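Take a look at the structure below.
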Amino acid sequence: MSERANVRTIRPPAFVRHRFREWLAVRSQVSECDTLLWMQKSTRPSPPIHLAALSKPSARRSAFVIDPWKYSVSRVGYSSLIHRFDPCFIPYSEAFLDLKRAFSSARFSYMPYAADTSTFFPRSEDKSIFAFWMGRRDEPLHRALLRYCSERNLEYVYSNEGRYSRDSLGCLASSARYFVVTPPQPERSGGYSPIVMRYFEGLAAGARLLGVLPKSGEYERMLPLNAICQVAPDGSDLAQRLDEDRENSENQTIVKLACALVHRHHSLRRRAEQIYDRLERNVEIDIPLPDVALSELVQEQPRPAGRRVSWVDGSRPSTPTAARGRVAAGGAARPEQAAREARSP
């Protein structure tokens, strides 16, 4: 978004005496903006961003709320009313619907997470890793995967504790045949089961997903179901499901199409474009259904050289039919996207 001519990025410093001159510059920059956009963790902006926004009370305000879990959704709603967000971007559909019902006078827009496709993209490495789990793990499924890989002499890599660079994580993901995904645990989310960045990141890296679907239904509305090998949350059917899935010769074709879909419709760059269009031209957010998006991608695939289409008995060949189915960005921290220390059994 910062590449736009009428967008500037303002980074308010800590509010301390020796940075007074920097604050004067921030105030001058904010005064020239008619819209302020920032990211905030749950219920409120960070103090420096809040103070910077006060430099121009008349400016339109908008925010992207990071992790609006169920136990904090009421405070998110009141914060949106107090700050007059127009709109407040919400990444989880369950939180978005609850907020719309409880705060009908506030303005909210559903804006799901996406993948950083400058980090997660297919590389030239062979699929030397069988499975890669990035970040927080669910122990029952983790133990089942450890047993499965140990019994078959397959490499399982998992990360934690922030020991890897983002580029290293991208390399690991693109080197994996399977990328493990699970929705947040209820004790962490307050009961929501949203789609999180991992689902987009694994496909963006060119890996097949392995794991559990979110209960919110967001996955089915955005990504193809045949791009994930679904297993029970406790891993009880992991061996059977994986043995069957590994025999499917179409998996790689499916993954390539799903990867292209994520890069086109679910990248951070695409989300920035959607936010800009919403703020600048009031264009509603459009998230295409996966069958429609995949149909478009299939039709764009180049045909093999020398291929000809013939007519039989004067009838035309069938063709596939698509299924129906001035802004200132505050310098708040981005949502945590990296995972961390890798180990392999």
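A few points about this structure:
- Selection from region 40-54 of residues that are open to solvent by 20 Å² or more (accessible area, probe 1.4 Å) and in contact with a Gly (Cβ under 7 Å, 6 or more places away or on another chain): none
- Residue satisfying all of: in region 254-277; in contact with a helix residue (DSSP H, G or I) (Cβ under 9 Å, 6 or more places away or on another chain) and under 30 Å from Thr35 (Cα atoms); most open to solvent (accessible area, probe 1.4 Å) among these: Arg264
- Residue ID - surrounded by the most Cβ atoms within 10 Å (Cβ to Cβ), chosen from residues in region 76-120 that are of a type in the set (A, V, I, L, M) and more than 18 Å from Tyr199 (Cβ to Cβ): Val76
For every residue, the table says whether it meets (1) open to solvent by less than 10 Å² (accessible area, probe 1.4 Å); (2) basic (Lys, Arg); (3) touching a helix residue (DSSP H, G or I) at 6+ places or on another chain (Cβ under 9 Å); (4) within 30 Å of Ser72 (Cβ to Cβ).
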site	(1), (2), (3), (4)
Val196	no, no, no, yes
Glu201	yes, no, yes, yes
Leu225	no, no, yes, no
Leu242	yes, no, yes, no
Asp245	no, no, yes, no
Gln252	no, no, no, no
Leu279	no, no, no, yes
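- Test: Tyr71 is out of contact with any Lys or Arg (no Cβ under 8 Å at 6 or more places or on another chain), among the aromatic types (Phe, Trp, Tyr) and crowded, with 22+ Cβ neighbours inside 10 Å: no
- Remark: pairs (first residue in region 24-45, under 10 Å from Val65 (Cβ atoms); second residue loosely packed, with under 15 Cβ neighbours inside 10 Å; Cβ separation under 6 Å; 6+ apart in sequence or on different chains) = Thr43/Arg75.
- Yes/no for Pro57 being outside any helix (DSSP H, G or I) and buried (at least 19 other Cβ atoms within 10 Å of the Cβ): no
- Test: Val262 is of a type in the set (A, V, I, L, M) and either at pLDDT 95 or above or within 27 Å of Trp133 (Cα to Cα) (or both): yes
- Counted as qualifying within region 190-278 are the helices (runs of 4 or more DSSP H) with 2 or more residues that are of a type in the set (Gly, Ala, Ser), namely 197-204, 251-265.
- Tallying residues that are modelled with pLDDT under 90 and farther than 19 Å from Leu268 by Cβ within region 161-184 yields 4.
- Residue under evaluation Ala333, criteria (1) modelled with pLDDT under 50; (2) open to solvent by 60 Å² or more (accessible area, probe 1.4 Å); (3) closer than 21 Å to Tyr219 by Cα, criterion not met: (3)
- Restricting region 6-27 to residues that are in a helix (DSSP H, G or I) and open to solvent by 60 Å² or more (accessible area, probe 1.4 Å), the residue that is nearest to Leu279 (Cα to Cα): Arg27
The values are calculated or read from the model by the stated rules, or taken from the named source; none is laboratory data. Owing to the predicted nature of the structure, the values given are computational and were not obtained by experimental measurement. No Cβ is skipped: glycine too gets one built from the backbone with ideal geometry, and neighbour counts run over all protein chains shown. These area figures cover heavy atoms from the full protein model, side chains too; ligands, DNA and RNA do not enter into them. Shrake-Rupley method; radii C 1.70, N 1.55, O 1.52, S 1.80 Å.
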